[in-house]
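Data first, discussion second: the structure below is written as structure tokens.
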């Protein structure tokens, strides 16, 4: 009965709205990166953990959001690596579908590498998503709510903090040098 319930929910989810651009809450965006669960693209998923979904339609929406993010905010090395791996994965999956079952090990290796990348920390400094949200809250003077803050707003806050850090560095170098 539990399996039937899951199938029914997945079927009904097809009719639920999805985030389609940088208005996705940064919480959902981060959860997709961490878990590869495209169910977080569903508008309702901000308030509860969604059932795992990974459909071609949702993948297309997710790739569109990633491309828009890279176009507006520059390329992230991790995102580029993920896209390259997904491209390789699709090639191997096509070979597998055509009957070349030898590529199954390659598929599993790429899938594992994707999971590892998506579970990786935000930077070499081991800064976590929650820590970044805390720094934004502290620097901006208000409590950042990742479930209500859109990805576009989050990126804008990060850009403001980067500009302020550069200005402060210039000021310090000017007085020290």
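Bear in mind these aren't lab numbers, they're just calculated from the coordinates by the rules spelled out. It should be emphasised that the depicted structure is a prediction, and the values quoted were computed from it without experimental measurement. Quick reminder, even Gly has a Cβ in these numbers, built from the backbone with ideal geometry, and neighbours come from all protein chains shown.
Tabulated values for the structure
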quantity	calculated
Fewest-first ranking of 88, 42, using other Cβ atoms within 10 Å as the exposure measure	88, 42
Segment residue 139-residue 59, extension gain: residue separation times 0.36 nm, minus the distance between their alpha carbons	25.4 nm
Pair residue 113, residue 84: separation of 7 Å Cα→Cβ label points (nm)	0.8
Modelled FRET efficiency - R0 41 Å, residue 169 with residue 52, Cβ distances, 0.05 increments	0.40
Residues 18, 128, sorted so that the one with the fewest Cβ neighbours within 10 Å comes first	128, 18
Approximate spin-label separation residue 102-residue 176, in nm, with each point projected 7 Å along Cα-to-Cβ	5.9
Contour excess over end-to-end distance, with Cα ends at residue 130 and residue 70 and 0.36 nm allotted per residue	19.4 nm
